[in-house]
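All of the numbers you see were taken from the coordinates with simple rules; none came from a lab. What you see is a predicted model; the values in this text were computed from it and never measured. Please note: Cβ atoms are built from the backbone with ideal geometry, for glycine as well, and neighbour counts cover all protein chains shown.
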Amino acid sequence: MRWKFFIPTLVVVAIVAVFNILFLDVMLKAALVSTGEMVFGAKVEVKGFKTRFKDMSVGISGLQIASRKDPFKNLLDVDSIKFSAEPLPLLSKKVIIDQMSCDGIKWGTKRLTSGALPPKKEKKYAKKAAKEKKNGMLAKLFSTIEAKSMKEINALPAMGEMRGIREQLKTMDLKKAVDIADLQSVQEIEKMKGEYAAKYDKYREQVAAIDYSEKMKLAQNALADASNIKVTSIQDAQNLKGNLEGLNKTKDELDKSVAELRSLQKQVLDDYGSEKDILNRLNDLKDADYKAVADKLKIPTVSFESVSRSLFGPVWVGRVNTAVHYIGLVRKYMPAKKNTQKELVKQRIKGRDVVFPKEQNPPDLHIKKISISGTTGGAGKAGTPLDFTGTIIDITSTPSLIGKPTRAEITGRQGAKMLKIQAVLDHTREIPVDTFNINYEGLSAEEFGMPDSEYLPSFEKGRGSITGNLTLMDDNIDSILELSIRNLSVRQGGNGDDEMQKIVAELWSGIDRISVNAKLTGTTDDLEMSFYSNIDRVLSARLSKIYGKKLAEIQDKIKSEINRLTNARKNELTGEVNAKRDELKNQFEGKSKELASKADELEKMKQAKENEGKALVDAEKKKAEEEARKAREAVEAEKRKAQEAAEAEKRKAEEEKRKAQEAAEAEKRKAQAEADAQKKKQEEELKNKASDKLKGLFGK
């Protein structure tokens with residue numbers, strides 16, 4: 001045996017064993033607590049943490065995660081967590097767990113001590129959480145849901161305020177409460193008077209600056225000068241443009257003044273506006289005065305629309321936002337496949353090794369199956385507990401490598417109570433899709449977790465169910481809630497305010513069923529919320545009946561008192577404004593019409609003189625054209641005469657030529673006839689000679 005190798009190896013093994021026994025569990029437990037507190041922002045406590053190298057197993061007992069919103073409740077309480085990791089993947093820094101068990105799961109259990117973190121740690125984690133919330137995958141959707149709920153889910157007025165309305169109505173002195181010195185509408189009326197007076201003076205100065213009389217005098221002089229212009233010759237017509245230059249200049253000045261007056265008239269109408277505009281402005285101020293007086297007297301503006309939205313909406317939206325928050329965490333640690341993901345290739349000096357996904361390239365973390373069991377009961381929980389069991393399959397750090405979504409199913413049944421939860425987290429594709437379905441039936445009134453509200457009584461009996469669906473595709477949310485409670489009965493008695501109890505009893509009298517349907521759909525840029533319940537119409541009518549009439553009475557009294565103090569001043573203001581506006585409007589309109597009329601006279605004079613010049617030019621032009629026409633006709637006559645003589649000579653020559661041709665043809669015919677007669681005579685002579693010769697021959 002080589003002792004020099006054995007002894008160092010034994011020492012190393014001993015050191016590892018001692019480290020494992022003394023420090024490893026402590027360090028892993030501290031890491032689990034620290035990570036949990038950072039994620040959940042509240043205390044995380046672990047009673048026991050034990051690792052075993054023999055089978056690479058881990059056992060965790062007594063895990064409690066406190067609620068950040070309610071430090072004296074646990075968000076999650078787990079009795080025992082056990083799992084074993086496959087040894088070989090650990091050498092590649094990969095954790096592969098075939099089977100994990102989580103037993104004794106509970107939620108909402110009470111704590112004996114506060115689960116809030118120490119201030120220093122709370123500040124540190126809160127700052128980090130705020131940063132992650134702002135920059136997280138679903139941060140924008142989370143903020144949009146919060147803003148949408150704050151805008152659309154209006155809280156009902158406090159019962160204490162409503163109770164005080166009745167007492168206040170009995171002792172209120174409106175004349176003392178409505179102080180004229182504090183009314184914005186009265187102050188604005190005085191301010192508007194000064195503004196309109198200043199505008200009036202300004203416009204009168206602008207009118208004076210136009211110097212209307214001087215312009216009319218210039219126009220009259222221009223007309224007189226133009227009327228003396230004589231147009232008797234072509235030279236006069238040619239000089240007409242220069243002679244009318246003064247008239248054109250004067251007309252341009254008049255046109256400019258008319259445009260200026262009309263512009264001022266439009267400004268007056270815009271500045272002074274209509275009586276309707278003034279009344280609308282004052283009515284807005286009177287509304288503000290009413291609100292100020294109502295605030296001073298602590299008169300609430302009560303709206304009883306969609307009572308169920310105000311009662312159940314905040315709780316539901318809070319649950320949806322909590323789900324969105326935790327889905328964001330899951331997507332952070334279980335990211336979807338990216339479109340830039342490439343085939344895993346390991347380059348070497350020679351050739352290329354392609355590392356395939358799935359079994360040959362497992363993710364850094366893969367929990368193949370988790371078996372869970374628990375109860376809806378626990379410390380401080382009301383009602384009959386329901387035991388449940390379930391499984392979660394394929395939790396992994398890289399879903400695209402295993403190609404399967406994470407699935408969870410939890411079921412439980414006990415008598416009339418039934419719980420079923422299903423979830424599918426599909427992050428194997430580029431666009432993640434997360435779906436949750438819950439169905440919880442047979443809940444008692446105590447277990448239902450009704451929201452805290454002065455409008456809700458204490459229910460001692462009743463059975464109900466909750467059905468909820470939530471689908472989140474990328475940042476597109478589709479969430480539905482159906483809540484139903486039947487056979488309700490209100491617990492009688494109590495040490496609260498008698499009047500408030502009477503109001504609540506009156507509101508809920510005869511109501512033994514509540515059904516609520518809520519829906520939240522859309523994206524961060526287009527989110528729609530709808531809410532419906534069978535109690536809205538009944539409770540709204542009852543609340544309006546109890547307080548609406550009295551509130552309407554005092555609201556009318558306050559408005560009447562404000563109107564009484566402002567109407568006389570308002571009428572005085574509108575009278576002055578209308579008078580000044582009409583005076584300025586008529587003044588601008590009258591002067592602009594007179595100047596425009598004078599400008600039209602100048603234009604007509606100009607047109608008349610230009611027409612005279614044009615008529616003279618046209619006459620001279622016509623005379624010249626007539627003389628030219630006569631000259632052209634004389635030339636044409638001479639031309640025709642010469643052409644006719646030439647044509648007569650041509651006809652005479654042609655006639656002589658024809659006669660000569662006829663004489664030649666007659667001579668030709670005569671010669672031909674003589675030749676024909678001579679030929680005929682010769683033929684006759686030849687014929688006679690031949691006959692004589694024949695007679696001489698045969699006669700003998």
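Histogrammed with a bin width of 10 Å, the alpha carbon distances of region 414-520 distribute as 13, 34, 26, 17, 8, 2, 0 percent, first bin at zero. Each residue of region 48-56 was assigned a 3J(HN,Hα) from its phi angle through the Karplus expression (A = 6.51, B = -1.76, C = 1.60, θ = phi - 60°), giving x, 9, 9, 10, 10, 6, 4, 10, 6 Hz with x at Gly and Pro.
The HN-Hα couplings worked out from phi for region 525-537 by the Karplus form 6.51 cos²θ - 1.76 cosθ + 1.60 (θ = phi - 60°) are 8, 8, 9, 10, 10, 10, 8, 9, 8, 6, 8, 4, 5 Hz, whole numbers, x standing for Gly and Pro.
Between Ile438 and Val26, the C-beta separation translates, for a Förster distance of 30 Å, into a calculated FRET efficiency of about 0.20.
Extension gain, Asp70 to Glu430, is 125.9 nm, computed as 0.36 nm per intervening residue step minus the present C-alpha separation. Taking Cβ atoms as reference points and 13 Å as the exclusive limit, the residues near Ala30 contribute a net charge of -2, counting Lys and Arg as +1 and Asp and Glu as -1. In this structure, the pairs whose alpha-carbon distance is over 20 Å, taken from Lys217/Lys585; Lys266/Lys591; Lys217/Lys606; Lys266/Lys286, are Lys217/Lys585; Lys266/Lys286. Only alpha carbons enter this Debye calculation for region 370-471, each as an equal point scatterer, and the log10 of I(q)/I(0) it gives at q = 0.11, 0.12, 0.18 Å⁻¹ is -0.46, -0.54, -0.92. Applying a threshold of 25 Å to the alpha-carbon distances of Lys43/Lys106; Lys332/Lys368; Lys461/Lys519; Lys93/Lys121; Lys230/Lys593; Lys43/Lys420 flags Lys461/Lys519; Lys93/Lys121; Lys230/Lys593; Lys43/Lys420 as lying beyond it.
Derived value for region 507-631: Kirkwood hydrodynamic radius 25.0 Å. Basis is the mean of 1/r over every pair of different alpha-carbon atoms. The trypsin sites (Lys or Arg not before Pro) of region 215-255 that meet both conditions, a loop assignment by DSSP and at most 11 other Cβ atoms within 10 Å of the site Cβ, are Lys230. Around the amide H of Leu488, modelled in the peptide plane, lie the amide H atoms of Arg513, all under 5 Å away and 5 or more residues distant in sequence or on another chain. Among the listed pairs Lys502/Lys545; Lys191/Lys557; Lys215/Lys241, those whose Cα-Cα separation exceeds 20 Å are Lys191/Lys557; Lys215/Lys241.
Here's how it looks for Phe459: its modeled amide H is under 5 Å from those of Arg491, which are all 5 or more places away or on a different chain. Between amide H atoms placed 1.01 Å from N, distances below 5 Å from Ile105 occur with Asp79, Ser373, Gly374, Thr375, all of them 5 or more places distant or on a separate chain.
Sequence-ordered 3J(HN,Hα) estimates for region 185-201 from the Karplus curve with 6.51, -1.76 and 1.60 and θ = phi - 60° stand at 5, 5, 4, 5, 4, 5, 5, 5, 4, x, 5, 5, 5, 5, 5, 4, 4 Hz, glycine and proline given as x. Length, then width, then depth: along the principal axes, the Cα atoms of region 605-700 run 138, 20, 6 Å.
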